[in-house]
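A short reminder: the numbers here are calculations on the coordinates, not readings from a lab. The shown structure was predicted, so the numbers you read here are calculated from the model rather than taken from an experiment. For neighbour counting, all protein chains shown are included, and Cβ atoms are generated from backbone atoms with ideal geometry for every residue, glycine included.
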Amino acid sequence: MVLNFKDLPKVANELFNALHEDEVEIINELYSACEKGDLQEVDRLMEVLLYDVEEHFSTEEELMREAEFFAYPMHKAEHDSMRRDIKSLYESWKGSRDVKQIMDFIKEKLIPWLMLHIARWDSVTAMHIGD
Ligand SMILES: [Fe+2]
Ligand SMILES: [Fe+2]
């Protein structure tokens with residue numbers, strides 16, 4: 001396990017927390033498929049990750065719009081930057097088939113980003129939206 005859900009900051013909205021828990025599960029499955037060198041499973045899980053991240057971000061964005069959250073453009077800009085990074089990782093994976101690239105991305109980029117993003121953006125947003 002590369003990331004324990006318990007180590008992520010919790011926010012004041014249960015749907016947000018549930019989205020984060022799903023994300024952690026997929027990240028762990030993907031990381032473990034990389035460790036095993038199971039390329040077919042990595043293919044499948046990269047697609048699951050892309051789909052899940054989109055679901056996660058767009059759900060938050062929809063709730064922000066409904067609640068007319070003042071910092072929507074800033075929060076969405078952070079999502080957009082990670083959307084781009086994950087898409088470019090996926091493109092590069094399709095060419096290189098290098099699992100180490102994915103493992104490095106998860107450890108050095110995605111997990112630190114998730115920790116900081118939840119602490120800095122999701123927590124304020126969840127407080128504004130409520131439960
Ligand atoms: Fe989030
Ligand atoms: Fe977010």
Once the Cα gyration tensor of the range 1-55 is diagonalised, semi-axes √(5λ) in Å: 23, 13, 5
Got a sec to turn the phi values of the range 106-118 into Karplus ³J(HN,Hα) couplings, 6.51 cos²θ - 1.76 cosθ + 1.60 with θ = phi - 60°, whole Hz, x for Gly and Pro? 4, 6, 8, 10, 5, 5, x, 4, 4, 4, 5, 4, 5
How high is the relative contact order of the range 12-129, in percent, with contacts defined as C-alpha pairs under 8 Å that are six or more residues apart? 39 percent
Residue by residue through the range 86-103, the couplings from Karplus 6.51 cos²θ - 1.76 cosθ + 1.60 with θ = phi - 60°, in Hz, x for Gly and Pro, are 5, 4, 6, 4, 4, 4, 5, 4, 4, x, 8, 6, 9, 5, 5, 4, 5, 5
Ratio Rg/Rh, restricted to the range 45-103 and using Cα atoms, in which Rh is the Kirkwood radius: 1.10
Per DSSP, the loop-located chymotrypsin sites (Phe, Trp or Tyr not before Pro) within the range 44-121 having at most 16 other beta carbons within 10 Å are 70
Using modelled backbone amide H atoms (1.01 Å from N, in-plane), which distant-in-sequence or interchain residues come within less than 5 Å of residue 67's amide H? none
Compute the distribution of all C-alpha to C-alpha distances in the range 91-131, in bins of 5 Å from 0, and list the percent of pairs in each, rounded to whole numbers. 5, 21, 17, 15, 12, 11, 9, 6, 3
Bins of 10 Å from zero: percent of alpha-carbon pairs in the chain: 12, 45, 30, 11, 1
Hey, got a sec? Which GluC sites (Glu not before Pro) in the range 42-131 land in a DSSP loop and have at most 13 other Cβ atoms within 10 Å? 68
